[in-house]
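Have a look at the structure below, then the notes.
Please treat every number below as a calculation from the coordinates, not as lab data. Everything numeric in this text was worked out from a predicted model, so none of it was measured. So basically every Cβ, Gly included, is an ideal-geometry build from the backbone, and we count neighbours across all protein chains shown.
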Amino acid sequence: DTAVSQTPKYLVTQMGNDKSIKCEQNLGHDTMYWYKQDSKKFLKIMFSYNNKELIINETVPNRFSPKSPDKAHLNLHINSLELGDSAVYFCASSQGGGDQPQHFGDGTRLSIL
Amino acid sequence: AQSVTQLDSQVPVFEEAPVELRCNYSSSVSVYLFWYVQYPNQGLQLLLKYLSGSTLVKGINGFEAEFNKSQTSFHLRKPSVHISDTAEYFCAVRPTGGGNKLTFGTGTQLKVEL
């Protein structure tokens with residue numbers, strides 16, 4: 001059983017479209033995250049939710065909106081996609097923060113045409 | 001705020017040779033330290049972590065790392081690498097005082113050659 005699963009794995013779309021990426025974790029963790037990995041492999045946190053409450057909201061365009069229907073799911077919706085949104089988006093989860101490691105999904109590769 | 005520097009973007013090494021991947025960090029507060037590995041087209045996996053106590057920590061796949069507080073470093077080592085170790089390696093820190101934000105370095109590509 002996959003611990004942190006993301007769908008879709010690949011997403012190819014045109015500029016201006018709206019798309020969503022889904023994430024689910026079956027580890028029983030209470031905290032989930034979205035990261036963006038750019039073409040140079042740099043990883044930057046975007047959002048974090050703890051028990052469905054937003055706790056980290058980095059400087060991200062408001063075209064990006066996370067949504068956590070329950071603590072096992074964290075979805076990412078992106079409006080009006082731009083070329084610069086092309087990247088790999090990773091979902092992760094952990095049990096709280098601090099010394100607890102984060103468990104990552106396999107990523108969603110988003111390509112904007 | 002924290003920052004993590006991985007000076008080597010790429011490290012080529014022959015199979016069965018030893019390797020060291022360097023990580024230095026900057027923080028005004030004490031931190032937990034982590035090393036993650038990313039294989040091609042996969043997410044990150046935890047290799048090892050330093051929380052407290054012994055400064056030498058052992059992780060999976062024969063890797064170990066040593067925390068040096070005075071030099072603010074957390075270098076990753078393996079005495080003998082294998083082709084399957086070819087991957088991207090990320091060092092990361094998180095404040096011990098609370099908070100969930102993990103700050104990553106820019107990664108080091110380890111390429112193991114025959």
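Which of the aspartates and glutamates could a cross-linker span from A:K19 if the Cα-Cα distance has to be under 12 Å and same-chain partners fewer than 8 positions apart are dropped? Hits, sequence-local ones excluded: A:E82, A:D85. Over all directions, the projected convex hull of the C-alpha atoms in the protein assembly as shown averages 12.6 nm² in area. Using a Gaussian network model of chain B in which every pair of alpha carbons under 10 angstrom is joined by a spring, one finds that among B:A92, B:A17, B:A65 the greatest mean-square fluctuation is at B:A17.
Measuring against 21 Å, Cα to Cα, the residue pairs B:K69/B:K111; A:K36/B:K101; A:K71/B:K101 contain B:K69/B:K111 as the ones spanning a longer distance. Looking at the square roots a ≥ b ≥ c of the eigenvalues of the Cα gyration tensor of segment B:23-63, which shape do they give, rounded for a/c under 1.5, prolate if a/b is larger than b/c, or oblate? In terms of gyration-tensor shape, oblate. Here is the tail figure for chain B: Cα pairs spaced more than 18 Å apart come to 46 percent of all pairs. With all projection directions averaged, the alpha carbon convex hull of segment B:68-114 covers 4.7 nm². Summing +1 for each Lys or Arg and -1 for each Asp or Glu among the other residues whose beta-carbon sits under 15 angstrom from that of A:P61 gives -1. A straight line joining the Cα centroids of segment A:53-113 and segment B:73-94 runs 25 Å. The simple spin-label model puts a point 7 Å past each Cα toward its Cβ; for A:R63 and A:K40 those points are separated by 2.1 nm. Temperature 37 °C, viscosity 0.692 mPa s: under these conditions the Stokes-Einstein estimate for segment A:14-96, based on its Kirkwood radius over C-alpha pairs, is 252 µm² per second.
Around B:P18, with a cut-off of 10 angstrom between Cβ atoms, what is the net charge of the other residues, counting Lys and Arg +1 and Asp and Glu -1? That works out to 0.
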